[in-house]
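Here's the structure we're looking at; comments come further down.
What follows is calculated from the coordinates using simple rules that are stated; it is not laboratory data. Nothing here was measured: the structure is a model prediction, and the numbers come from that model. Please note: Cβ atoms are built from the backbone with ideal geometry, for glycine as well, and neighbour counts cover all protein chains shown.
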């Protein structure tokens, strides 16, 4: 694999709705609700004194990606293990949702 | 509407789920071998599981007039034990002539360890030797990006494997391009939290094209929704898509990939 800078050639056929709907009409209320949930989550973590947790720190880093072009992709990358070599042995089966060894 | 459920762990689901899926328009369900939620203690546990996937479960589905197909492997979560994993792989050919078997899957990686990679390679070798379709599980959450790259690289480096006969499942916005660029198929898994929501999955279709992507529920014993696929279709309707496009995405696309296996047949 060439790394993270592959130029993607769109496949054919691209799909588009026959009758395009207004995305704000469709999704604003849902996004508004999730945004308030995020704000409430951050208030809760601060109130509980858990801001040093690596997952919360990764969460704060990921929030910065909302200022980029490809927000969903960038947020996912901010929460990912960016190393390339296999680990020696799996000591757990679970994933944490954020990379525990991310340099801080 | 009619649709295919290309990835569902029906051994973990109830007969009510079968009923709901059929009523919603499901025309076939495909069940990859997976982790039971606990490690099996011996190869005999896998023998019983493969019998369940190729005999008992299709019989249960047939009671609802739903064709049931299966994939065989040892899941990467159980790949750290190389001895056990190799015993299971050695047993798989004994089941390949069962009439509902589609190929090798869901193989892949979980924590991206060396042993997982070794067993992935041995599964891919098995698929090449027996000319089987391949269904690949990509890791969860923070491990997905790295795991997807390792998986795609490993398969691309095996010249015996036709990428058009490989589906890399659980792609998201940060991994889909690697799969598409490699000429493989991608699966969008519709989970409430840990994978894709319907709106995100549709966004990916709109950004990357729909001809080598499918959607699945991957419903199992965890938090998952067996009707996630028809719910996603309803979300596409809400965005203004017509029935012809829905039929392409939810029926014709998975049929196109799965029909590369002669065992897969479905009526509209």
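Taking the beta-carbon count within 10 Å as an exposure proxy, list B:266, A:75 from fewest neighbours to most.
By the 10 Å Cβ count, ascending: B:266, A:75.
The alpha-carbon atoms of segment A:25-78 define a convex hull whose volume equals 80 cubic angstrom per residue.
Fewest neighbouring Cβ atoms within 10 Å first, the residues A:40, B:267 line up as B:267, A:40.
For the protein assembly as shown, report the % of Cα-Cα distances exceeding 39 Å. Beyond 39 Å sits 14 percent of the P(r) for the protein assembly as shown. Residue-normalised convex hull volume from the C-alpha trace of segment B:209-259: 86 Å³ per residue.
Considering only alpha-carbon pairs that sit under 8 angstrom and 6 or more positions apart, the relative contact order computed for segment B:122-261 is 19 percent. Remark: relative contact order (chain B) = 20 percent; criterion is Cα-Cα distance under 8 angstrom and separation of 6 or more residues. Of the residues B:118, A:92, the one with the fewest other Cβ atoms within 10 Å heads the list, and the complete ranking is A:92, B:118. Would you please give the FRET efficiency between residue B:252 and residue A:102, computed as 1/(1 + (r/R0)^6) with r the Cβ-Cβ distance and R0 = 35 Å, to the nearest 0.05? After rounding, the FRET efficiency stands at 0.25. Among B:183, B:103, B:45, which one shows the highest mean-square fluctuation when chain B is modelled as a Gaussian network with alpha-carbon springs under 10 Å? Among B:183, B:103, B:45, the largest mean-square fluctuation in the Gaussian network model of chain B belongs to B:45. Using alpha-carbon pairs under 8 Å, 6+ residues apart, how would you state the relative contact order of chain A in percent? The value is 21 percent. Annotation for residue B:197 and residue B:154: the two label points, set 7 Å from Cα along the Cα-Cβ direction, are 3.3 nm apart.
Residues within the reach of a label modelled at residue A:70 (point 7 angstrom out along Cα to beta-carbon, backbone nitrogen below 18 Å), restricted to segment A:86-100: there are none. Here residue B:99 and residue B:234 are evaluated by their C-beta separation; at R0 = 25 Å the FRET efficiency comes out at 0.15. If a/c stays under 1.5 just call it rounded; otherwise compare a/b with b/c (prolate if a/b is bigger, oblate if not). Do that for segment B:117-158, with a ≥ b ≥ c from the square roots of the Cα gyration tensor eigenvalues. In terms of gyration-tensor shape, prolate.
One quarter of the convex hull surface built on the alpha carbon atoms of chain B amounts to 12.4 nm², the projected area averaged over directions. Report D for chain A in µm² per second (integer): Stokes-Einstein, Kirkwood Rh on Cα pairs, 37 °C, 0.692 mPa s. For the chosen part, D equals 189 µm²/s.
Where the alpha-carbon atoms of segment B:35-142 are placed on the principal axes, they occupy 42, 30, 28 Å, in descending order.
Each part reduced to its alpha carbon centroid, segment B:163-206 and segment B:8-38 end up 20 Å apart.
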